[in-house]
Amino acid sequence: MADQSVFRITKELSELQKNSDLSLAVACRDIDVRNVKALIIGPHETPYEFGFFEFAFKFNKEYPRKSPQVTAITTNGGRCRFNPNIYANGRVCLSILGTWRGERGEEWSAAQGLESILLSIQSLMSSNPYENEPGFEDANEPSDKKNQKDYVQKIRHETLRVSVIQRLEEYLKIGPDGVAAAPAAAKDEYDLDMDTVQDESSVPFEPFRDLCKHRFLWYYDSYLAAVQKGKEEAKDGQPFVRMPFEGSSNTMEGKFNYGELERRLHNIKKALDEETEAWAPEGLVAKAKDTTVAVNLQRQFEQIVESFKRSDVPHNLELVDGNPFVWVLTYFGKPMTNLDGGLFSAKLCFSPRFPEEQPRIKFSTRLFHHRIAADGTPCYVAPASRREDVKTHIEAIIDALEEEQPPYDPRTLVHPEAFKLYWGSADDRRMYNRRLRRSVQQSMEDF
């Protein structure tokens with residue numbers, strides 16, 4: 001039974017990691033498949049929008065006959081109850097987990113699994129979580145209407161403060177004032193050469209660090225928009241309203257301070273940009289030492305340049321100052337599309353810890369596009385199985401730019417204004433096309 005359990009868990013993890021769902025991520029140490037970490041990115045148009053919510057799964061030897069134990073990690077140290085069903089102590093109340101009484105047919109079965117649990121938790125993160133509390137499903141009294149609004153307001157604030165800002169500040173080792181918590185340690189040989197072996201159990205397991213950094217860059221403008229909306233609804237210093245179902249040790253207490261959240265968001269963005277810029281000099285050191293990553297990136301660069309020539313692709317690729325960790329891609333707009341005639345430059349920055357840290361890419365040529373953030377960061381997804389292949393990244397970026405009939409996916413909302421126009425009315429789409437064409441024409445003049 002134990003072997004079957006491990007096989008089932010491993011299979012589910014593999015399927016989820018190959019999944020194109022941009023709002024779910026899972027990981028475990030190779031030596032401990034029964035303890036899984038999962039990340040849910042809060043759904044669009046809810047107070048949880050683009051927040052990073054982490055959960056710990058502990059699978060017993062009787063899985064899948066018995067459900068795993070699930071604990072919420074994103075609780076601000078046990079002080080924040082993010083949902084009527086997600087307690088401050090980490091308890092997740094779901095009938096399929098046996099942690100809440102449900103209707104007949106809602107209990108756990110072996111047909112369910114890791115993904116179904118994650119989707120069930122994600123469904124709790126609704127636009128009106130107040131009604132998740134038993135007995136409040138149909139609460140429509142004036143006091144309930146006010147509570148619903150107050151509850152959404154404080155969840156939005158704490159989603160930004162706890163799930164996004166605190167997490168990124170911890171990853172970047174900066175304080176709320178944006179100042180580095182401690183001087184950065186000198187890079188040792190392990191940092192620069194991935195051939196060095198280190199005991200896995202001695203390294204902190206933070207599998208979503210790089211993912212959250214990338215998604216922060218995607219959703220930065222949405223976070224700022226949430227701050228502006230919050231400022232309109234609540235004054236700084238105004239205390240949170242306690243809900244009728246919140247207890248003294250299972251609540252969400254605090255005060256609104258959107259001014260501070262806005263400042264901290266700016267500090268995180270600045271720290272991320274500085275971190276990316278620091279990769280260039282780190283890369284030169286790695287190149288001088290002929291590290292595995294440096295040699296690999298140089299070889300991939302040469303192979304892609306050669307493939308462009310063989311395929312008669314018009315795009316151009318160059319190294320900045322001969323540094324294999326900094327590339328510049330010149331993209332020629334696809335003929336017979338809205339990009340026709342455009343000439344766009346994008347910088348690809350690589351970490352000496354690539355591919356564990358994925359490349360950060362930014363268009364220096366302004367392009368009004370629903371898949372390009374205002375600062376030039378493209379929204380694209382490279383297949384999980386080919387994260388180390390730079391050509392795959394470049395192709396994924398070009399595909400995102402040129403896709404003519406993309407499916408509606410709010411998780412790709414990286415440019416709020418362009419996204420709204422692209423998916424709006426027919427008049428909105430015409431306005432989007434005009435602004436895209438204008439930026440294409442401007443690209444030739446600016447290049």
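Before moving on, here are some points about what is shown:
- Rg ratio (alpha-carbon, reference 2.2 N^0.38 Å) - the range 352-405: 1.17
- Shape category assigned to the range 309-348 from the gyration tensor of Cα positions, a/c cut at 1.5: oblate
- Alpha carbon convex hull of the chain, projected area averaged over orientations, nm²: 24.7 nm²
- Between the range 219-282 and the range 343-358, the alpha-carbon center distance in angstrom: 28 Å
- Inter-centroid distance (Cα atoms) of the range 363-384 relative to the range 1-69, Å: 29 Å
- Once the 1.4 Å probe is applied to the protein heavy atoms, the chain comes out at 49 Å² accessible per residue.
- Multiplying the residue separation of Lys289 and Ala225 by 0.36 nm and subtracting their alpha-carbon distance yields 18.6 nm.
- For the range 226-326: Kirkwood Rh in Å [reciprocal of mean 1/r, alpha carbons]: 18.6 Å
- Across the range 427-436, computed HN-Hα scalar couplings (Karplus, 6.51 cos²θ - 1.76 cosθ + 1.60, θ = phi - 60°) run 5, 4, 5, 5, 5, 4, 4, 5, 5, 5 Hz from first to last residue, x flagging Gly and Pro.
- The gain in end-to-end length when the Arg435 to Asp236 segment is fully stretched comes to 68.0 nm, 0.36 nm per residue minus the alpha carbon separation.
- Per-residue [θ]222 nm for the chain (sum of -39500 (n - 2.57) over DSSP H runs n ≥ 4, rounded to 500): -12500 deg cm²/dmol
- The string of couplings for the range 233-239 from the Karplus curve (6.51, -1.76, 1.60, θ = phi - 60°) is 9, 9, 8, 4, x, 6, x Hz, one whole number per residue in order, with x for Gly and Pro.
- Taking all C-alpha pairs of the range 90-161, those more than 17 Å from each other amount to 54 percent.
- Working value for the range 339-447: equivalent-ellipsoid semi-axes of 25, 17, 11 Å, each the square root of 5 times a Cα gyration tensor eigenvalue, largest first.
- Bridging of Lys334 to lysines at a Cα separation below 28 Å is possible for Lys309, Lys347, Lys362, Lys391, Lys420, once same-chain residues fewer than 8 apart are set aside.
- Projected label distance in nm at Ser385 and Ser127, using a 7 Å step from Cα toward the beta-carbon: 3.8 nm
- Relative packing of 47-59, 390-402, which averages over residues the other C-beta atoms within 10 Å, highest first: 47-59, 390-402
- Calculated P(r) of the range 394-447 - Cα pairs past 17 Å, %: 46 percent
- Fraction of the pair-distance distribution of the range 26-120 above 19 Å, Cα-Cα pairs, percent: 43 percent
- Global form of the range 240-398, assessed from the alpha-carbon gyration tensor, a/c cut-off 1.5: prolate
The values are calculated or read from the model by the stated rules, or taken from the named source; none is laboratory data. Keep in mind the model is a prediction, meaning the values are calculated, not measured. Positions of Cβ are backbone-derived with ideal geometry, glycine not excepted, and every protein chain shown enters the neighbour counts. For the accessible areas, the whole protein counts, side chains as well, though only heavy atoms, and no ligand, DNA or RNA atoms are used. Shrake-Rupley method; radii C 1.70, N 1.55, O 1.52, S 1.80 Å.
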